[in-house]
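To start, the structure under review is shown below, and the notes come after it.
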Amino acid sequence: MSLFSSKTFESFDALLLDQIEDLYDAEQRLTKALPKMAEAAHDMQLQSAFREHLVETEGQVARLERVFGLLNQQPASETCDAMKGLIKEGEKAIDADADPEIKDAALIAAAQRVEHYEIAAYGTAKAFAERLGRREIVRLLNETLAEEKAADTKLTSLAEQGINEEALAAGGRS
Ligand SMILES: [Fe+2]
């Protein structure tokens with residue numbers, strides 16, 4: 001007997017739908033987490049990166065609702081345990097007792113894990129939709145994928161062009 005509850009996928013379409021339901025849950029969780037990340041951030045550019053990505057994430061939720069429509073399904077969520085865990089790690093960064101600059105570096109570390117998870121998930125869903133010949137779904141997923149990649153790149157540049165150095169300097173202060 002499996003330790004985990006098992007699922008049934010009756011078709012490749014059903015597997016795509018499952019991926020979309022997982023992402024729908026993940027994105028909704030993120031719309032609740034990003035304002036807290038923005039509030040915890042010390043660096044103004046990092047704050048605005050989180051706020052801008054919140055607006056994008058709200059658009060991504062709406063985009064997924066369009067995907068559900070194209071699949072002739074009502075929007076439904078499949079609990080995304082991975083995103084729950086990633087957000088929990090983000091909360092540890094938010095609550096950490098650290099210099100603000102070090103906290104910013106910790107927030108970026110958590111946020112980039114989220115972005116990489118999403119890049120993997122959208123990349124897979126897009127490949128499934130391509131294989132199924134669902135061009136409009138591919139287009140929608142690709143728009144979001146581009147946003148996730150851009151958000152990740154932005155976080156990398158904020159870290160490497162200042163925040164990591166400030167975190168190092170802050171650490172030397174004590
Ligand atoms: Fe997203």
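The values are calculated or read from the model by the stated rules, or taken from the named source; none is laboratory data. The structure displayed is predicted, hence computed values, not measured ones. Methodologically, a virtual Cβ is constructed for each residue, glycine included, from the backbone with ideal geometry; neighbour enumeration extends over all protein chains shown. All accessible areas refer to the heavy atoms of the entire protein, side chains included, with ligands and DNA or RNA removed. Shrake-Rupley method; radii C 1.70, N 1.55, O 1.52, S 1.80 Å.
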Filtering the stretch 134-161 down to residues that are out of contact with any helix residue (DSSP H, G or I) (no Cβ under 8 Å at 6 or more places or on another chain) and over 18 Å from F68 (Cβ atoms) yields A146, A150, T153, S157, E160, Q161
Kindly indicate whether T31 is within 11 Å of the ligand (Cβ to nearest atom), of a type in the set (V, I, T), closer than 20 Å to R139 by Cα and in contact (Cβ under 8 Å) with a residue 12 or more places away in the chain. no
Only one of these is within 15 Å of R63 (Cα to Cα) and either free of Cβ contacts under 8 Å to residues at least 60 places away in the same chain or touching a Leu at 6+ places or on another chain (Cβ under 7 Å) (or both): I137, I108, I119. Name it. I137
Qualifying residue in the stretch 101-123 (condition: touching a helix residue (DSSP H, G or I) at 6+ places or on another chain (Cβ under 6 Å), more than 14 Å from the ligand (Cβ to nearest atom) and of a type in the set (D, E)): yes
Selection count where residues are in contact (Cβ under 8 Å) with a residue 60 or more places away in the chain and more than 16 Å from the ligand (Cβ to nearest atom), scope the stretch 41-70: 6
Among the residues of the stretch 1-28, write down those that are open to solvent by 30 Å² or more (accessible area, probe 1.4 Å), touching a residue at least 12 places away in the same chain (Cβ under 8 Å) and among the acidic types (D, E). D13, E21, D22
Enumerated helices (runs of 4 or more DSSP H) restricted to the stretch 39-145, each holding at least 1 residues that are at pLDDT 95 or above, among the β-branched types (V, I, T) and open to solvent by 70 Å² or more (accessible area, probe 1.4 Å): 44-70
Please go through the stretch 147-167 and pick out each residue that is among the hydrophobic types (A, V, I, L, M, F, W, C), surrounded by 17 or more Cβ atoms within 10 Å (Cβ to Cβ) and either within 16 Å of the ligand (Cβ to nearest atom) or not in a helix (DSSP H, G or I) (or both). A151, L155
